[in-house]
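Take a look at the structure set out below.
The values are calculated or read from the model by the stated rules, or taken from the named source; none is laboratory data. What you see is a predicted model, and the numbers here were worked out from it, not measured in a lab. Don't worry about glycine lacking a Cβ; one is built from the backbone with ideal geometry, like all the others, and counts go over all protein chains shown.
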Amino acid sequence: MADLERYSLPLAGESSIGSRTPLAEVAAGSTARPEGAYIHVPFCRHKCHYCDFYSFVDTQDRQEAFVARLEDELEHATDLGATVGSRLVTVFIGGGTPTLLRPPLLARMLAAVRRCLPLAPDADLEWTVEANPETVDAEIAAVLAAGGVNRVSLGAQSFDPQSLRALERDHRIESVAAALGHLREAGITNLNLDLIFGIPGSTLESWRGDLEAALALEPEHLSAYGLTYEPNTPLATKEARGEIEAVEEDLEASMYEDACNRLAAAGFERYEISNWARPGRACLHNLLYWRNRSWLAFGPSASGHLDGLRFKVVPRLGEWLDSKDPWPLSEWERLDEHGAFGEELMLGLRLTEGVDTAWLEDRLARCDAGGERRRALESALADGRLEQIGTRLRLTQRGTLLANTLLADLV
Ligand code: SF4
């Protein structure tokens, strides 16, 4: 969905890619205790031109088969036995556009999640569904609330008509407020809005307008990502042909700094490079990703992690529907200690809380034989991209603007 909160890592194992193995077999011997579950619904009303998520235009004819197949996959989760012995404290249903499912099918999917997965009691559970504003009416909101959903993430992206056109978004500006109204009326009050900055044709003024419009709707959480030109998307093709022009880097940096300042003034805490929340409203599911915890994954193209084992469900709907394997994977990989450390460091530094210096020293001593990561960290400390506050090492505000290069070096 429009929501960019999802996180996935490229899986790079060689010998482990290409064949099929039930997840129960892959996870054999794992002592992981997953704390969350991600479920991917690949249907959308329209394909936005910047989007490289696994999603395609829904023709309504495969929704029922999708839900039936997902029920099988969820039921198979019990085969993981001790692995799912723990209670899940987060569920995140993303896509695609989960709220595009017809109401009875959406209700059936939510019921299957509750029936098959070992969920924590409602009071301890964060259950998020992503939504395109245009798909949320009173009926859908009621189905979500009745099914146990208590958080919704809406892809607003911009409140500027020209920017929405540049992104080829398929929703009206006024539908964001209408969707929030329906959700609140149904009792769902933990709400996120996604925004994108650096859209071709946008200006600092139009971005400030987006921030003000979003704040006026009083969400509990805001995500703001710079537009990326993902390979093989129509947006990237248009840029390559010179039909659109990316905004200048300096302007994009000013937009990000503006977001930091304005959202802080409005009482939001930035807890990750691109995510802000009212106190106590950080997205617990995304924190699982950044803290390198374990989560299950269901639905075509969904990626999961079990204590160092990363896996991905086959990213093709037809193959996933037809597979005889109850939980068909396309890729899985167990990182070695060096790789796992790089990943954990990269993820941890995305968070405002940063990483613990004693943990870092211990891991550097064990895994950084060539001293490369130590040198990258020391250089970033020296030039002000990183700072040490007490026992935590974290990005400075300048460092967040340059985070991609530094984090890539550390991986
Ligand atoms: S709504 Fe647009 S951005 Fe979101 S998954 Fe669908 S095509 Fe991608």
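List of remarks:
- Pair list, Cβ under 6 Å, 6 or more apart: the stretch 170-186 residue within 15 Å of Thr99 (Cα to Cα), other residue polar (S, T, N, Q): His171/Asn132
- When restricted to residues that are under 26 Å from Arg334 (Cα atoms) and modelled with pLDDT of 95 or more, the stretch 42-53 contains 0.
- Contacts under 9 angstrom Cβ, first residue in the stretch 144-161 being free of Cβ contacts under 8 Å to residues at least 60 places away in the same chain and in a strand (DSSP E or B), partner among the aliphatic types (A, V, I, L, M) and within 16 Å of the ligand (Cβ to nearest atom), 6 or more apart: Val152/Val129; Val152/Ala131; Val152/Val136; Val152/Ala179
- Taking the listed residues Phe268, Phe298, the one that is more than 28 Å from Leu119 (Cα to Cα) and either crowded, with 21+ Cβ neighbours inside 10 Å or more than 16 Å from the chain's Cα centre (by Cα) (or both) is Phe268, with no other qualifying.
- Residues of the stretch 349-369 that are over 26 Å from the mean Cα position of the chain (by Cα) and charged (D, E, K, R): Glu361, Asp362, Arg363, Arg366, Asp368.
- Of the residues screened, His171 is not one that is of a type outside the set (Val, Ile, Thr) and in a helix (DSSP H, G or I).
- The single condition among (1) modelled with pLDDT of 95 or more; (2) in the same structural domain as Glu212 (by TED's automatic domain parsing); (3) more than 30 Å from Glu73 (Cα to Cα) that Leu351 does not satisfy is (2).
- Residues in the stretch 318-327 that are modelled with pLDDT of 90 or more and either of a type in the set (Gly, Ala, Ser) or touching a strand residue (DSSP E or B) at 6+ places or on another chain (Cβ under 8 Å) (or both): 3 in all.
- Hits in the stretch 85-111 - residues which are crowded, with 21+ Cβ neighbours inside 10 Å and part of a helix (DSSP H, G or I): Pro98, Thr99, Leu100, Leu106, Met109, Leu110
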